[in-house]
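Shown next, in structure tokens, is the structure this report addresses.
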Amino acid sequence: MRKGKKAASPAFVTSNPHKFAEAERVLKQFGVIIRHARLSCPEIRGEEPAVIAADSVRRLICKVEPPFFVEDAGLFVGALNGFPGPYSAWALGKVGLGGLLRLMEGARDRRASFRSAVALFDGKGVRVFEGEARGRIAFRARGENGFGYDPVFVPEGFRETFAEMSGARKDALSHRRKALEGMARFLLKG
Ligand code: ITT
């Protein structure tokens with residue numbers, strides 16, 4: 001457990017309770033306590049999580065009391081030229097994990113990465129923090145923990161999927177933790 005200077009309590013603007021729970025768990029370790037602003041913010045179409053998150057946070061200025069942050073994340077599969085990437089939530093809703101596994105049938109290169117970008121507005125300016133977790137797509141869905149694509153994502157150096165790991169183990173490896181850690185260090189410096 002890391003202890004540091006007390007930072008202001010930022011709001012996480014997200015409609016996804018799983019993302020909020022992960023962020024709360026990670027940031028608590030840095031002494032950063034967050035509030036949940038349960039809003040969904042329309043996202044621009046784009047490839048880069050950092051660009052999408054920065055745009056979303058800018059559109060919330062004047063609507064949410066600073067400091068606040070948003071996070072954009074997605075699963076980028078090499079053999080599918082980065083799909084579903086920015087369409088991760090949409091693709092999961094449309095075809096589910098089964099649909100992704102069918103697209104990957106016969107694919108020998110199963111490399112993929114989760115990418116996260118956290119965009120913070122601290123009342124003065126916008127800062128973006130990024131994180132990536134590399135791994136591969138499993139041959140079948142395994143595990144009950146986590147959310148989204150966790151049952152089909154095997155992080156580099158492991159055999160288990162994120163969904164077969166404890167929350168603490170996922171946090172140690174995850175794209176979201178890496179991006180949030182960048183934000184926590186920035187907040188604690190300020
Ligand atoms: P908000 O935009 O309201 O925060 P969202 O669920 O739409 O919620 P994203 O656009 O960032 O959030 O996430 C896109 C999808 O990518 C998400 O719904 C999951 O299906 C998937 N995803 C993101 N991070 C994940 C993770 O850590 N584990 C598994 N799937 C993840």
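Please treat every number below as a calculation from the coordinates, not as lab data. From a predicted model like this one, the values you see are computed outputs, not experimental measurements. Don't worry about glycine lacking a Cβ; one is built from the backbone with ideal geometry, like all the others, and counts go over all protein chains shown.
Quick one: of Lys63/Lys178; Lys63/Lys124; Lys63/Lys170; Lys94/Lys178, which pairs are farther than 25 Å apart, Cα to Cα? Mind showing how you got there, number by number?
Values: Lys63/Lys178 27 Å; Lys63/Lys124 15 Å; Lys63/Lys170 32 Å; Lys94/Lys178 29 Å.
Result: Lys63/Lys178; Lys63/Lys170; Lys94/Lys178 exceed 25 Å.
Tell me, what is the Rg over Rh of the chain, with Rh the Kirkwood radius over Cα pairs?
0.97
Report the FRET efficiency, 1/(1 + (r/R0)^6), for Leu188 and Glu144, where r is their Cβ-Cβ distance and R0 is 41 Å, rounded to 0.05.
Numbers: r = 34 Å, r/R0 = 0.84.
Taking R0 as 41 Å, the efficiency between Leu188 and Glu144 is 0.75.
Quick one: putting +1 on the C-beta of Lys and Arg, -1 on the C-beta of Asp and Glu, what dipole do you get for segment 35-118 around its Cα centre, in Debye to the nearest 20? Let's see the in-between values first.
On the way: 12 positive and 9 negative charges, 36 e Å.
With Lys and Arg at +1 and Asp and Glu at -1, about 180 debye.
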